[in-house]
């Protein structure tokens, strides 16, 4: 398989890059597209469609090829996979029937490929990624190979999109299904955040609404351990710190902890809503603010994937949480460059609102503040 990564700050720039990339020896069939909502997505879709490219598209909070992170632009990974070895589905979930939609896609995929892998993009901020993953598991099994991310909109947290040929939707999922009989797909989700203090118990919660931890209001105990001040509704820095620097770490019996940052505070009782479910009675630990070691752990996780499961790759996809670049700023380039250097093949990625994947030795879950790296190779 041949792969090429291109980027541009406009649809015209992408059109020119495509003209320079497509040759007699490289005729791609698939375009994996990460784009800002600021771009003319309909025009972009037409440019790609006119070249007979199948499109897996998702909007972002920032995008990159190789180690070059950008915002407001378009990044594309071009692949010449045989069309018989992949399918793309885009389906709405207007009734919040996330699990049923995923079940439907998985069922159709199973009829096409005996052993499918899934690259997933979801739109709409309220989408329950864990329900989507459960739908895939019911059809394929607990060991289903799936990775992906939730669309962004340059941090507006308003309207996000997924798209494919002729279809763009703000309340749907797009799914690239790959035939693993002929294409190897391996991935890993890693966050690297360090925990601090002893395990604590979530004493009252309902889904992703965390009321109390060790019988104290969730906000109060979290800000106390974080040393945060000015705990008032009008303090926007407080909410950013909670999300980007002091997430809860939900402990798992199997695999690494799952990050659950507080995103919305209920000031009436100092509870908060997290990015995913935190079951009542579960164990959590608090996080230390991130440092260089967090990025180093992600790169080492990807290096381990190469050493143990994927010695070679033709292309790499990365879904990295938008909260990571808020925490690291320009330093984030070091993590992206470190991942790029593991296989040193064409790479494209995005900064997402949430990540879908499996940590080493863990279950398939929705994550935050996490980087999901997916390597692809033709057999």
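Quick look at the numbers
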| quantity | calculated |
| --- | --- |
| Candidate set from the range 98-109 (those that are under 24 Å from residue 183 (Cβ atoms) and in contact with a helix residue (DSSP H, G or I) (Cβ under 6 Å, 6 or more places away or on another chain)); member that is surrounded by the fewest Cβ atoms within 10 Å (Cβ to Cβ) | 107 |
| Subset tally (residues that are part of a strand (DSSP E or B) and closer than 13 Å to residue 56 by Cβ) for the range 133-162 | 4 |
| Residue list for the range 65-102, restricted to those being at pLDDT 95 or above and within 15 Å of residue 152 (Cα to Cα) | 72, 73, 74, 75 |
| Count of the range 99-114 residues which are under 14 Å from residue 131 (Cβ atoms) and out of contact with any strand residue (DSSP E or B) (no Cβ under 8 Å at 6 or more places or on another chain) | 3 |
| Matching residues in the range 69-97 - criterion: being in contact with a helix residue (DSSP H, G or I) (Cβ under 8 Å, 6 or more places away or on another chain) and part of a strand (DSSP E or B) | 69, 74, 76, 78, 87, 89, 91, 92 |
| Where residue 146 falls short, out of the listed (1) in contact with a strand residue (DSSP E or B) (Cβ under 7 Å, 6 or more places away or on another chain); (2) within 27 Å of residue 305 (Cβ to Cβ); (3) surrounded by fewer than 18 Cβ atoms within 10 Å (Cβ to Cβ) | (3) |
| From 219, 228, 250, residue being surrounded by 15 or more Cβ atoms within 10 Å (Cβ to Cβ) and closer than 21 Å to residue 370 by Cα | 250 |
| Residue match in the range 268-279 (condition: at pLDDT below 90, touching a helix residue (DSSP H, G or I) at 6+ places or on another chain (Cβ under 7 Å) and closer than 18 Å to residue 321 by Cβ) | yes |
| Single match in 6, 88, 22, 81 (criterion: closer than 29 Å to residue 332 by Cα and buried (at least 16 other Cβ atoms within 10 Å of the Cβ)) | 6 |
| Spans of strands (runs of 3 or more DSSP E) in the range 163-272 with at least 1 residues free of Cβ contacts under 8 Å to residues at least 40 places away in the same chain and touching a strand residue (DSSP E or B) at 6+ places or on another chain (Cβ under 7 Å) | 248-250, 262-266 |
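The values are calculated or read from the model by the stated rules, or taken from the named source; none is laboratory data. Since this is a predicted model, take the numbers as computed values, not measurements. Virtual Cβ from ideal backbone geometry, glycine too; neighbours counted across all protein chains shown.
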